[in-house]
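The values are calculated or read from the model by the stated rules, or taken from the named source; none is laboratory data. Just so it is clear, the structure is predicted and the values come from calculations on it, not from any experiment. Cβ: placed from backbone, ideal geometry, glycine included. Neighbour counts: every protein chain shown. Surface areas here come from the heavy atoms of the whole protein model, side chains and all, with no ligands, DNA or RNA. Shrake-Rupley method; radii C 1.70, N 1.55, O 1.52, S 1.80 Å.
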Amino acid sequence: MASLEPLPPTYDPKAVEPEIRRCWSDGGYFHADPSTPSPQAPTYVIVIPPPNVTGALHGGHALNNTLQDILIRWHRMRGFNTLWMPGTDHAGIATQAVVEKTIFEKEKKTRHDLGREELVRRIWEWKEKYGNRIIEQLKLMGCSCDWERTRFTLDETCARAVRATFFRMFRDGLIVRGKRLVNWDTALQTAVADDEVYHEKVKGHLWHIRYPLAGPGFGVQGSAPRAAGFSPRGADTSLNAGEEDPSRDASPGRDREGAVEYLIVATTRPETMLGDTAVAVHPDDERWKGLIGRKVVLPLTGREIPIIADPILVNREFGTGCVKVTPAHDPNDYQCGLRHGLPMINILTPDGRINENGGAYAGMDRYAARRKIVADLEAAGLLDKVEDHESDVGHSDRSKTPIEPYLSDQWFVRMGDLDPAEAGRIEGLRGRSGLAQLAIDAVCTREHASAEERKACGKVHFFPQRYANTYRDWLAEKRDWCISRQLWWGHRIPIWSKHCDNIESWRDSERNLIGDGAQGVLSERRDNSSPAERLVVRFVADNDPTSSFVKDPPPSGGFTAYVCPLLEDGDQQTDEWSNAAFKRCGLTQDPDVLDTWFSSALWPHSTMGWPDDTAELRKYYPGSVLSTAREIITLWVARMVLTGLYNTGQAPFHDVYIHAVIQDAQGRPFKKSLNNGFDPVDIIEMYGADALRFTMASLATETQDIRMPMKKVRLEGGRELQTSERFELGRNFCNKIWNAARFAFITLEDSTGGRPGSDGSNTGGTPVRQGPIEDRWILSRVSRAAVEVQDALARFAFSRAAGLARDFFWDSLCDWYLELVKSRVREHRQADQARAVLAFALDQALRLLHPFVPFITERLWSQLNAIAPRRGLPGLAELDTDSPPDNRGHDKAAPCRPLVIARFPPIEGWPKLNDPAAERVFEDLQTATRAIREVRSSRGVPPRQAVNVVVKVPAERVESLRQEAHVIRRLANVGELTIDPRAERRPNAATLAVGDMQIFVLDVIDSAAERKRLEAELANLDGQIAALGGKLANEAFVARAPAQVVATEREKLAAVQSRREVVVRALAEL
RNA sequence: GGGCGUUUAGCUCAGUUGGUUAGAGCGUACGGAUCACACCCGUAAGGUCACAGGUUCGAGUCCUGUAACGCCCACCA
C-alpha cells in the first residue's frame, strides 16, 4: 500500500475499496480456525441466512448482512475465535422455475421434453455459472465471511446431513406418509407452497344447486327418478322453486305440504360436485335438524351421500345453511371429511381435467366440465339460481394460473405430541412430548434485565423480545410439516418402495436387500454396522385406509414396503448408485424432493460437518446469533431450533435478532413487481460500500418497519436507477472521517520534535492529566464512547451504536477537539501532547468505527501506522500497536496489524482516562462558547472579527477558568478575554447568564436587539421558574417525591432565579 | 377473524426502570471561500408528543378506550 502519498480531499470509495478487499482476502483474515488464536479464546459464530442461489442482493440483504458483519468484525477485533459461515440455498421451486423459464424461452422446451436427469443437470450448470453472483455482491459490501467455507444447501456435506436426519426421523416414526390437499398448479403440474400462492379477486358466479333428498317417504313420491338427476321429471317435481315464488327464501326446497324435497347448496366451483361425499348442515339449525343422518342424491351422478352435522364447517347465516362437502378439493371440506370419516374422491387429473371418477365428464377440461355441468343442471331443473360473485382465487405465482386444491400422497414430519411411551423411546426428543414441544421449550419468552441473566437462563432469546411470541404461537399449533415437493431440483426423498401382493414376494426382496450374502445391497458398505442401524423398513397395508406405517409386513394381503437406507458415506453419485442397487431388488425411489426448508433447517449444524463429530462442530456449534427477517421466524427459525435439538441436543444459537423490514415512503414492502426497492450494488457504485453500511446501521432501530423514501435518478450513461437521499448520511460521514484523518496526518507529520512515539514517550513528557482541559476531555470521551458503543451493540441497538460513534467522532473529536488542536500546533503551545492525544484519539476512533465502515478505516489505519506507529499513552492506555504483533498474528511481515484484526477498544473503556469532572467543565465552556457565538451571529459580527469579552465567575473558579480560557477565546473568536470575579456589566455590552458565569460581550450593542433578546430570555426563565416553583409549592410533590428529586428541583430553581436576576439587571441598565 | 406494530418538527426517526420548557439527521432561513472537509463550518426558526379518559406529587413514557396506517397468520361453501 502506498500509504504516504497525500490523500485527496474527497474520499473516493472506488479508489480504496478494491485495494482493501484484496488486502483482507490475501491476508486470510476472515478465515476461522477451530484452534486459532488459542483454544481458550471464546467463540463467536453467525451462520448466514443462505440467500437464494438465483438471487441478487436487495435492500433486505444489505441491511441484514451489514448488521451481521458489524457483530462479526466487532467480535473478531475483541479477540474472539470468530466465524461467519456463508453459503447459498438451492431454493427448490424458485430456482427450478427460473431455469425452466430460460430454457423454454431459448429452446421452447419444457422440463418434460428434457427429462428429469437432463433438467437437473442443466440447473447445476446454471448454478455454477450464475450462482455466485450474490456471494460476489456480499464481498462488495465488505462482508467478512469465511469464504473458504462457503456451502450450498445441495452440496454433498449438506446432503449427508439431510439423509441422516431423514433416516433418523423415519426410524423414530416421526416421518409419516399421508394424504394432503396441496396447492396444485395444473400448468406446471406441480404442487406449490402456500407462500407461492397469491390471491386475486375474480368475478365469478355462485351457483345454487338442488340436491334432492333420497330414500323412501320423503317429499313427493317418485324420488327415485329424480335422484338420477338427469330425468326431465326432476324438473317437474320442483314445483315451487321458481323465482316467482315469494316464499322460496323462507322455505327453500319444500313442497306444498312443507315437506322437504331437496337441499340447496351454493358453490363457486360446480364441477367439484362430482367429488361431493356429503352435505353438511349446522347441528342447531332448526330448518334441517330433522334431516341429519338422511341422504341426498347427488345430481348428475346418482350417488347417494349423507347429510351430516358440522358446526365448524357450516355458517348458519350464509346462504341456505347447507354446504356441499368435497373433501378431496377443498381444505375446509377436507378437515370436515377427516372429522366425519368421509370418502375422499379425487376428480382431477394432474393437468386439470376431470378424471375417471367424473363419469360422463371424464376427460373434459375442468372449466369445460363446469359449463357442461351447469347446463345439465339447468336442463334437469336442478339449478336454483345463479348469482354474480367475486371471490379471491388462489393463483400460482409461477404460472399465473388458478390453483386447484388437490389431494395427494405426501410426506410429513410429525410435529404434535406423541404417546408418552413412544416419545420416551425417541432419544432425539430429549424427554419432550413431540418435536414442536421440543422447540417451544427451547425458547425463552420472559424478559431478562441483563446479559448475565439471559445466559443463566440458557434458552434462546429473541431481540426484540416480542418475536418470541410469534415463534411460540405458531409452534403451539403443532401442525404437521409437509416435506415433500413435486419438483426435480432438491434433495430427493431417500425412500425406495415396492408394492408386494403378499408376504412371500417381500421375503425375496428382503433377502436381496439385507441378506448377509454378497448380493446384499448394503453389504457394499465399509463399516460393520448392523442392517438395523442403516436400513429401516416400514409397511402400509393396502386395506388400511389411514395408510399408517407398521413395522412388520402384514401376514396376509397386499402392502407397500418403504425402505429408508442410511446413505452417509456416499458421494455425488449416491443417488445413481443406490438407485441401481435398489432397482435390483425391485424397489423404486420416491420421485419427490424435500421441501427446501428441510435442508435450511439443518444449516447451522450441517455446514459444520454433522453427523460427523468434526472440530468445527465442536468449536462452532451452537452459534451465537441468528439475524433474520420476521417473515421466516416460523418457516426457518423454528425448524432450525427443532432439528438442531433433535440431531445434536443443542439449540443452534443463543440469540435471534429480528431486523426491521425496509419499506418505501408509502409503507409498502419492497417488491419486484412494484419496482420500489433499491439495488445495493447501485448504492455502492454511487456512494460507496461504507456509506451504504453506515446508513443501514443508522436505520436499524427496534421498530418493525423502516421507511425509505426512494427517488429515481439518471446516471451520466443514461441508466436509470433508484436511490434515496438517506444514503448521503453515510457518504457525508465517510467524507468527514477522511478529512479529519487527513488533518490529523498533516498535524502529526508537521512535528518539529519528531513524530509522536518515535522516542517512546509520545506524550512529549507531559502527563496528560495536567495538560489542557480539552486533552483530558477528549480522552474521557474516547473512553466513554468505547463503553457506550459496545453497550449498544450488545443489545443489538445498531442505530444507537452508529449514532454514538458518529457523535463522538464528528461532534466531539472534529468540531471541538480538532479545532482546539489547530491553534495549539500553530502557537506551539503543548503541541507535542496535542499530537500524542490526537494520535491516540484517532487510533481509537478508527477501531471503534471499523465494524461500521471497514474500508475507509482500514485505509486510514495503514496511513496512521506509517505516520505514528506508536500511539498508546504509557501508564494510561497501552495499545497493541506499541509492541510488534505476536507470532500468532496473521501477517508476520507487516509492521503493524491491519485494522481488521487490531484490538477493539476495551469493553470497559479506559478507566484511567475517565474524567467526569473534565467533561463537566468542558460542557460549561461549550455552553459559554455557544452563547457568545449566538450573540455574534445575531449581531452580524463577521466571523473574522474578534470580540472582547468580560466573564464574571465566583472567585474560587477564576484561576482554573483562566487556564481554560483558550477554549472560549479560540472557538468563539474572542480577542480580549477578561476574567474577573467582580466584573460589572459595561455599557454597549450584551449580557449572558450561563451556568454560574456572567458573560459580557463588549461593543456589540444594539439596544433594541439586546432588549428583545433579554426579554425572550426572561420569558424563558420565568417559564422555568413558574414550572419549578409550582412543583415545589405543591405539598404533595414535596411530601411524596423522592428527596433526591426534590433537592435537585430546588437547586435548579435557585440557579434559574440567579440567572433571572442577571437578566433583569441587564434590562434595567439598558 | 386472530396476533403484532406504528402514530413525536416539513421529511425520516431517537427519546433506556415515569422526574429540566422533548432531541438528531435531512430540509428551511441567515452568515461564512478561514491554510482537513461546501459531502463543510457557525447560528436560528420549527412540536397541544394522533384523539379521549384514567393512574400518579409528576405522563411523550404506565393503564383503558377511539381513530388512522401497516405487517404477519388464518379464512372467505
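For chain A, the longest principal axis of the alpha carbon atoms and the long axis of helix A:503-514 meet at an angle near 30°. Each Cα pair under 8 Å and six or more residues apart adds its sequence gap; the mean of these over the residue count of chain A is a relative contact order of 12 percent.
Ignoring any ligand, DNA or RNA, what whole percent of the accessible area of the range A:1-136 comes from carbon and sulfur when the probe is 1.4 angstrom? After summing per-atom areas, the C and S share lands at 53 percent. Could you pull out every residue, at least 5 positions away or on a different chain, whose amide H is within less than 5 Å of the one on A:Asn81? Hs are placed 1.01 Å off N in the peptide plane, and Pro or chain starts have none. Residues meeting the criterion, in which the H sits 1.01 Å from N, are A:Thr43, A:Tyr44. Accessible surface computed residue by residue for the range A:644-745, with neighbouring protein chains in place and a 1.4 Å probe, gives 42 Å² per residue.
In the distance distribution for the range A:302-361, Cα-Cα pairs more than 18 Å apart total 42 percent. From its DSSP helices (H runs of at least four residues, each -39,500 (n - 2.57)), chain A gives a residue-normalised ellipticity at 222 nm of -12500 deg cm²/dmol.
Assuming a ≥ b ≥ c are the square roots of the Cα gyration tensor eigenvalues, decide whether the range A:336-398 counts as rounded (a/c under 1.5), prolate (otherwise, with a/b larger than b/c) or oblate. In terms of gyration-tensor shape, rounded. Relative to the dominant Cα principal axis of chain A, helix A:773-794 is inclined by about 10°. The listed peptides A:699-708, A:142-151, A:859-868, ordered by packing as a protection proxy, come out as A:859-868, A:142-151, A:699-708 (highest mean of other Cβ atoms within 10 Å first). Please report, as a whole percent, how much of the solvent-accessible surface of the range A:306-452 comes from carbon and sulfur atoms (probe radius 1.4 Å). Accessible surface attributable to carbon and sulfur in the range A:306-452 totals 48 percent.
Decide, for the range A:950-1048, between rounded, prolate and oblate: order the square roots of the alpha carbon gyration tensor eigenvalues as a ≥ b ≥ c, take rounded if a/c falls under 1.5, and otherwise choose prolate if a/b is larger than b/c, else oblate. Verdict is oblate for the range A:950-1048. Stretched out straight at 0.36 nm per residue, the stretch from A:Ala187 to A:Thr10 would grow longer than its current Cα-Cα span by 58.1 nm. Helix A:1007-1033: angle to the longest alpha-carbon principal axis of chain A, degrees 0 to 90, nearest 10? Long axis of A:1007-1033 versus the principal axis of chain A: about 60 degrees. Note that the range A:955-966 has calculated 3J(HN,Hα) couplings of 3, 5, 9, 4, 4, 5, 5, 4, 5, 8, 4, 4 Hz, one per residue in order, obtained from phi through the Karplus relation 6.51 cos²θ - 1.76 cosθ + 1.60 (θ = phi - 60°); glycine and proline are x.
Using θ = phi - 60° in the Karplus curve 6.51 cos²θ - 1.76 cosθ + 1.60, the 3J(HN,Hα) couplings for the range A:167-172 round to 4, 4, 5, 5, 4, 7 Hz; x is entered for Gly and Pro. With both labels modelled 7 Å from their Cα along Cα-to-Cβ, the A:Glu304 to A:Ala794 distance reads 7.7 nm. Here the label points at A:Arg903 and A:Glu716, each 7 Å from Cα along the C-beta direction, are separated by 4.6 nm in the simple model. A straight chain from A:Ala983 to A:Lys455 at 0.36 nm per residue would run longer than the Cα-Cα distance by 184.1 nm. Here the range A:153-205 is assigned +1 on the Cβ of each Lys and Arg and -1 on the Cβ of each Asp and Glu. Its dipole about the Cα centre then comes out at about 360 debye. Relative to its Kirkwood radius, the Cα radius of gyration of the range A:325-481 gives an Rg/Rh of 1.17.
Taking the square roots of 5 times each eigenvalue of the Cα gyration tensor of the range A:417-468, largest first, gives ellipsoid semi-axes of 28, 11, 6 Å. Amide hydrogen proximity for A:Asp480: with H placed 1.01 Å from N in the peptide plane, the residues at 5 or more positions away or on another chain lying under 5 Å are A:Met415. The stretch between A:Val1038 and A:Glu1069 holds 7.4 nm of extra length on full extension. This uses 0.36 nm per residue minus the Cα-Cα distance.
Entry comment: accessible area of the range A:1000-1070 is 59 Å² per residue, from protein heavy atoms only and a probe of 1.4 Å. Entry comment: accessible area of the range A:118-162 is 42 Å² per residue, from protein heavy atoms only and a probe of 1.4 Å. Couplings for the range A:580-597, taken from phi via the Karplus curve 6.51 cos²θ - 1.76 cosθ + 1.60 with θ = phi - 60°, read 5, 5, 6, 4, 4, 8, x, 9, 10, 7, 4, x, 7, 10, 7, 3, 3, 5 Hz in order; Gly and Pro are left as x. Under 5 Å from the amide H of A:Ile403 lie the amide H atoms of A:Gly394, A:His395, A:Ser396, each residue being 5 or more positions distant or on a separate chain, with H modelled from the backbone and absent for Pro and chain starts. Each label point is 7 Å from the Cα along the Cα-to-Cβ direction; what then is the distance between the points at A:Glu934 and A:Glu390, in nm? Here the modelled spin labels are 5.9 nm apart.
Name the shape class, rounded, prolate or oblate, that the alpha-carbon gyration tensor gives for chain A, where a ≥ b ≥ c are the square roots of its eigenvalues, rounded holds for a/c under 1.5, and otherwise prolate holds if a/b is larger than b/c and oblate otherwise. Prolate. Within the accessible surface of the range A:902-1048, defined with a 1.4 Å probe on protein heavy atoms only, the carbon and sulfur portion equals 51 percent.
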